[in-house]
Amino acid sequence: MPARSGLRVSPAVRAAPSEGAVRAREDRTIGQALRILEQRVRVPGPSMSDVATCGAFFRLRLGSEGREHFEAAFLNTRHQLIAVERLFSGTLDGAEVHPRVVVQRALALNAAAVLLAHNHPSGNPEPSAADRALTARLKAALGLVEVRLLDHFVVTAGEAASMAARGWV
């Protein structure tokens, strides 16, 4: 098809997908990868005890979100995944987290241990003082009902910070 300037437009250029179509295809691919990861951690045998795997798992789930979300992975006595749930959603720079709800879900699922994660939409994975204080409160609340808090991850699209690896859990 001739263009007004007399140049021909390649069919490949005319057929180039829009930015929205590319984003939708990428989102589907991420969703497929997430389903594969969830299946792998649900298979009896492997446990959710490897920091890198757990960090990548939560980074895929939360890293690209535009507002803060808080999730929990509930584990059995062998640290195998029972369920992962988004418990709280907030704003650009915070989410109100209620320890009572986390404890209730752990008991309802008969979990022996919990992994926690939330994202920082700012792109900075460094846990804040408030994050550390919340982690201490959640560890104490879960401990009262004999559920172990194994780790709390702060994730961004590119990184996952483990509070346990820093000695804060």
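The values are calculated or read from the model by the stated rules, or taken from the named source; none is laboratory data. Source: prediction; values computed, not measured. Every residue, glycine as well, gets a Cβ built from its backbone with ideal geometry; the counts of neighbours run over all protein chains shown.
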Open item on the list: For A140, only one of the following conditions fails: (1) farther than 25 Å from T53 by Cα; (2) modelled with pLDDT under 95. What is its number?
Closed with: (2)
Open item on the list: Given the condition small (G, A, S) and touching a residue at least 60 places away in the same chain (Cβ under 8 Å), answer yes or no: does some residue in region 59-78 qualify?
Closed with: yes
Open item on the list: Kindly evaluate S5 against the criterion of being polar (S, T, N, Q), at pLDDT 80 or above, over 19 Å from R78 (Cα atoms) and exposed (fewer than 10 other Cβ atoms within 10 Å of the Cβ).
Closed with: no
Task: Residue satisfying all of: in region 8-53; more than 20 Å from the chain's Cα centre (by Cα) and β-branched (V, I, T); modelled with the lowest pLDDT among these - done: V13
- [ ] Please tell me if A52 is surrounded by fewer than 18 Cβ atoms within 10 Å (Cβ to Cβ), within 28 Å of D27 (Cβ to Cβ), of a type outside the set (S, T, Y) and in contact (Cβ under 8 Å) with a residue 60 or more places away in the chain.
- [x] no
TODO: Hey, can you tell me all the residues within region 63-80 that are under 10 Å from the mean Cα position of the chain (by Cα) and assigned to a strand (DSSP E or B)?
DONE: H69, F70, E71, A72, A73
Open item on the list: Just checking, does region 120-143 include any residue being in contact with a helix residue (DSSP H, G or I) (Cβ under 8 Å, 6 or more places away or on another chain) and polar (S, T, N, Q)?
Closed with: no
TODO: Quick one: which residue in E96, E85 is surrounded by fewer than 16 Cβ atoms within 10 Å (Cβ to Cβ), part of a loop (DSSP other than H, G, I, E, B) and without any contact (Cβ under 8 Å) to a residue 24 or more places away in the chain?
DONE: E96
TODO: Return yes when L109 is under 24 Å from I36 (Cα atoms), over 12 Å from the mean Cα position of the chain (by Cα), surrounded by 14 or more Cβ atoms within 10 Å (Cβ to Cβ) and modelled with pLDDT of 95 or more and no when it is not.
DONE: yes
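Matching residues to (1) surrounded by fewer than 19 Cβ atoms within 10 Å (Cβ to Cβ); (2) of a type outside the set (V, I, T); (3) farther than 18 Å from V102 by Cα:
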site: A129; (1), (2), (3): yes, yes, yes
site: R132; (1), (2), (3): yes, yes, no
site: T135; (1), (2), (3): no, no, no
site: K139; (1), (2), (3): no, yes, no
site: R148; (1), (2), (3): yes, yes, no
site: H152; (1), (2), (3): no, yes, no
site: A157; (1), (2), (3): yes, yes, yes
site: A164; (1), (2), (3): yes, yes, yes
site: G167; (1), (2), (3): yes, yes, yes
